[in-house]
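A.B. asks: I am attaching a structure below and will ask some questions about it afterwards.
The values are calculated or read from the model by the stated rules, or taken from the named source; none is laboratory data. Since the model is a prediction, treat every value here as computed from it, not as a measurement. We place every Cβ from the backbone using ideal geometry, glycine too, and count neighbours over all the protein chains shown. Ligands, DNA and RNA are excluded from the accessible area calculation, which covers all protein heavy atoms including side chains. Shrake-Rupley method; radii C 1.70, N 1.55, O 1.52, S 1.80 Å.
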Amino acid sequence: MDGTDGSTTFVDSSARPKAFTAIGGAKISTARSGFGGASILLDGSSGYLTTPSHVDFDFGAGNFTMEAWIYYAGGATYPVIFGRQEPGTGMAMQFRMVGSALNLTLRDPGGSSLVSFTGGSVPTNVWTHVACSRQDTTVRLFSAGSLVASGVSSNNIAAVRPLTLGAVDDTTLSGFFAGYIDEARITKGVARYTANFTP
């Protein structure tokens with residue numbers, strides 16, 4: 001999320017970089033940042049990032065971690081941090097807010113075997129590190145490094161739809177996030193966090 005204020009160019013700094021496209025009002029802002037002097041500003045009504053479907057986002061039944069620093073402005077009932085959703089009921093996953101709580105919802109391809117984990121509370125207008133991980137079949141949610149929810153899931157996470165940040169694309173867009181997101185990271189094959197930690 002680094003760059004020039006107002007820019008709509010987002011560079012993936014991972015070892016396997018993907019091309020991200022800014023949609024709607026999504027843009028880089030130097031007004032606030034978790035680290036590095038910039039973040040993405042999302043307006044809660046039209047802005048999000050998207051990148052095409054890729055095998056790197058197919059977690060299968062394996063380990064994974066999704067994390068970001070968020071400056072949550074509140075508003076929407078189900079604002080999405082990371083989303084990857086098939087049309088209709090074929091959702092792969094959503095890492096999102098439910099009100100002020102964190103939520104991870106997973107569903108096998110074809111719409112079967114839905115599981116959902118919710119816990120903790122994320123304050124508004126404060127930078128907070130949020131994360132979810134799966135280690136074998138144990139799923140954990142973390143807010144500010146504290147374990148706030150856990151459960152069991154062996155869901156097969158795969159989809160042909162794009163990965164989105166700041167909204168979910170089920171052919172009809174929804175779940176727009178209002179606020180700032182920085183240092184977003186997805187790790188396939190590794191559960192980075194399994195107990196309380198210092199972000």
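A.B. asks: Only one of (1) at pLDDT 95 or above; (2) of a type in the set (Ser, Thr, Tyr); (3) under 20 Å from Tyr48 (Cα atoms) is not met by Thr138, so which one is it?
C.D. replies: (3)
Let's see how each residue does on (1) among the polar types (S, T, N, Q); (2) in a loop (DSSP other than H, G, I, E, B); (3) within 20 Å of Leu163 (Cβ to Cβ); (4) more than 18 Å from the chain's Cα centre (by Cα):
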position: Met1; (1), (2), (3), (4): no, yes, yes, no
position: Ser7; (1), (2), (3), (4): yes, yes, no, yes
position: Ala15; (1), (2), (3), (4): no, yes, yes, yes
position: Ala22; (1), (2), (3), (4): no, no, yes, no
position: Ile28; (1), (2), (3), (4): no, no, yes, no
position: Ala31; (1), (2), (3), (4): no, yes, no, yes
position: Gly37; (1), (2), (3), (4): no, yes, no, yes
position: Leu42; (1), (2), (3), (4): no, no, yes, no
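A.B. asks: Right, something else. I'm trying to understand the selection: among the residues of the stretch 75-118, which are open to solvent by 10 Å² or more (accessible area, probe 1.4 Å), modelled with pLDDT of 90 or more and small (Gly, Ala, Ser)?
C.D. replies: The answer is Gly99, Ser100, Ala101, Ser116.
A.B. asks: Filter the stretch 13-28 down to residues that are farther than 18 Å from Gly47 by Cβ and either free of Cβ contacts under 8 Å to residues at least 40 places away in the same chain or out of contact with any helix residue (DSSP H, G or I) (no Cβ under 7 Å at 6 or more places or on another chain) (or both), then give me how many there are.
C.D. replies: 5
Every residue, every condition in (1) touching a Leu at 6+ places or on another chain (Cβ under 7 Å); (2) closer than 23 Å to Val122 by Cα, yes or no:
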site	(1), (2)
Asp136	no, no
Val139	yes, yes
Ser146	no, yes
Ser154	no, no
Gly166	yes, yes
Thr172	no, no
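A.B. asks: Do we have Pro17 as in contact with a strand residue (DSSP E or B) (Cβ under 8 Å, 6 or more places away or on another chain), open to solvent by 30 Å² or more (accessible area, probe 1.4 Å) and farther than 24 Å from Tyr193 by Cα here?
C.D. replies: no
A.B. asks: Residues that are part of a loop (DSSP other than H, G, I, E, B) and either charged (D, E, K, R) or within 28 Å of Thr21 (Cβ to Cβ) (or both): does the stretch 178-186 have at least one?
C.D. replies: No, there is no match, as no residue in the stretch 178-186 is part of a loop (DSSP other than H, G, I, E, B) and either charged (D, E, K, R) or within 28 Å of Thr21 (Cβ to Cβ) (or both).
A.B. asks: Given the options Ala167, Ala191, Ala158, Ala178, name the one that is open to solvent by 10 Å² or more (accessible area, probe 1.4 Å), of a type in the set (Gly, Ala, Ser) and under 16 Å from Met97 (Cα atoms).
C.D. replies: Ala178
A.B. asks: Could you figure out which of (1) outside any strand (DSSP E or B); (2) open to solvent by less than 10 Å² (accessible area, probe 1.4 Å) isn't true of Leu141?
C.D. replies: (1)
Results for (1) within 16 Å of Trp69 (Cα to Cα); (2) within 18 Å of the chain's Cα centre (by Cα); (3) outside any strand (DSSP E or B), shown as yes or no for each residue.
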site: Thr105; (1), (2), (3): no, yes, no
site: Ser112; (1), (2), (3): no, no, yes
site: Pro123; (1), (2), (3): yes, yes, yes
site: Thr128; (1), (2), (3): yes, yes, no
site: Ala131; (1), (2), (3): yes, yes, no
site: Ser150; (1), (2), (3): no, yes, no
site: Asn155; (1), (2), (3): no, yes, yes
site: Ala159; (1), (2), (3): no, yes, yes
site: Asp169; (1), (2), (3): no, yes, no
